[in-house]
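Single-structure report; data block below.
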Amino acid sequence: QKEVEQNSGPLSVPEGAIASLNCTYSDRGSQSFFWYRQYSGKSPELIMFIYSNGDKEDGRFTAQLNKASQYVSLLIRDSQPSDSATYLCAVSYTGGFKTIFGAGTRLFVKA
Amino acid sequence: GAVVSQHPSRVICKSGTSVKIECRSLDFQATTMFWYRQFPKKSLMLMATSNEGSKATYEQGVEKDKFLINHASLTLSTLTVTSAHPEDSSFYICSARDQEGGGEKLFFGSGTQLSVL
């Protein structure tokens, strides 16, 4: 059974610090990796996707993928209180039928 | 990113009534859409996969006669909660898969908060 694991948190960081969110997945056939942000009472919003090993940067966000270790992470630089949310890691397979979601990590950024 | 519109955003209804939720992909065609429910502070739970022009695929434990899904076109899927009861109260979210540019990114509707009295 395909699984995506995340630490539920909460992860608390001070404003301006780097927040590091981690995710592991069980199926080596995984092809695409996503990070979603979900504010309380709202639906998930796609913030990053990565397909290849290495780093991908977009503004304050960096996604890191290591397929050998089956590990994907999200770094948020210069964390802001508005970054406080639940971050969902998701994994899908080329031609696959479903996207598998982790349970999410709650992040609190303290002002 | 792609836009998925979900309507209504909030429904309050009496027990025994049926509620229809619409999910539309606004700027792309979605042969596959997904329906989730989410309880407060809990993770997304996939209910069913909606396939354009064919029957939906339901996850284990989800009653297909209770949650009717219709995907009549490439841009519209509907979820009908039939004879709703208080235990059906939840946050329902749809998503659509956009395969443009490679990969299979999911974009979510804004969600529907259903409260059954």
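The values are calculated or read from the model by the stated rules, or taken from the named source; none is laboratory data. All values derive from a computational prediction rather than experimental measurement. We place every Cβ from the backbone using ideal geometry, glycine too, and count neighbours over all the protein chains shown. Note: areas computed on protein heavy atoms with side chains; ligands, DNA, RNA excluded. Shrake-Rupley method; radii C 1.70, N 1.55, O 1.52, S 1.80 Å.
Here is how the numbers come out for the structure above:
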| item | result |
| --- | --- |
| Residue check, B:Thr78 on the phi < 0 side of the Ramachandran plot, out of contact with any Phe, Trp or Tyr (no Cβ under 6 Å at 6 or more places or on another chain) and of a type in the set (Val, Ile, Thr) | yes |
| Candidates B:Ser110, B:Ser83 - the one that is among the polar types (S, T, N, Q), within 14 Å of chain A (Cβ to nearest Cβ), open to solvent by 20 Å² or more (accessible area, probe 1.4 Å) and not in a strand (DSSP E or B) | B:Ser110 |
| Sole exception among (1) more than 9 Å from every other protein chain (Cβ to nearest Cβ); (2) part of a loop (DSSP other than H, G, I, E, B) for B:Ala96, by number | (2) |
| Test: residue in region A:75-86 that is surrounded by fewer than 19 Cβ atoms within 10 Å (Cβ to Cβ) and within 14 Å of another protein chain (Cβ to nearest Cβ) | no |
| Qualifying residue in region A:54-70 (condition: farther than 22 Å from B:Cys23 by Cβ, away from chain B (no Cβ under 14 Å), buried (at least 18 other Cβ atoms within 10 Å of the Cβ) and over 12 Å from the mean Cα position of the chain (by Cα)) | no |
| Spans of strands (runs of 3 or more DSSP E) in region B:11-79 with at least 2 residues open to solvent by 20 Å² or more (accessible area, probe 1.4 Å) and over 30 Å from A:Glu5 (Cα atoms) | B:19-25, B:67-73 |
| Residues of region B:49-61 that turn out to be over 23 Å from A:Thr86 (Cβ atoms) and either in contact (Cβ under 8 Å) with a residue 12 or more places away in the chain or of a type in the set (S, T, N, Q) (or both), as a count | 9 |
| Matching entry among B:Lys42, B:Lys105 (being within 12 Å of another protein chain (Cβ to nearest Cβ), within 18 Å of A:Thr99 (Cα to Cα) and without any contact (Cβ under 8 Å) to a residue 40 or more places away in the chain) | B:Lys42 |
| Flag if A:Asp78 is among the charged types (D, E, K, R) and in contact with a strand residue (DSSP E or B) (Cβ under 6 Å, 6 or more places away or on another chain) | no |
| Residue list for region A:29-42, filter: open to solvent by 20 Å² or more (accessible area, probe 1.4 Å) and either in a loop (DSSP other than H, G, I, E, B) or within 8 Å of another protein chain (Cβ to nearest Cβ) (or both) | A:Gly29, A:Gln31, A:Tyr39, A:Ser40, A:Gly41, A:Lys42 |
| Subset of region B:1-34 (residues that are out of contact with any Ser or Thr (no Cβ under 9 Å at 6 or more places or on another chain) and touching a residue at least 40 places away in the same chain (Cβ under 8 Å)) | B:Gly1, B:Lys14, B:Thr31 |
| Residue list for region A:87-100, restricted to those being buried (at least 16 other Cβ atoms within 10 Å of the Cβ) and either more than 8 Å from chain B (Cβ to nearest Cβ) or within 15 Å of A:Ile50 (Cα to Cα) (or both) | A:Tyr87, A:Leu88, A:Cys89, A:Ala90, A:Val91, A:Ser92, A:Tyr93, A:Thr99, A:Ile100 |
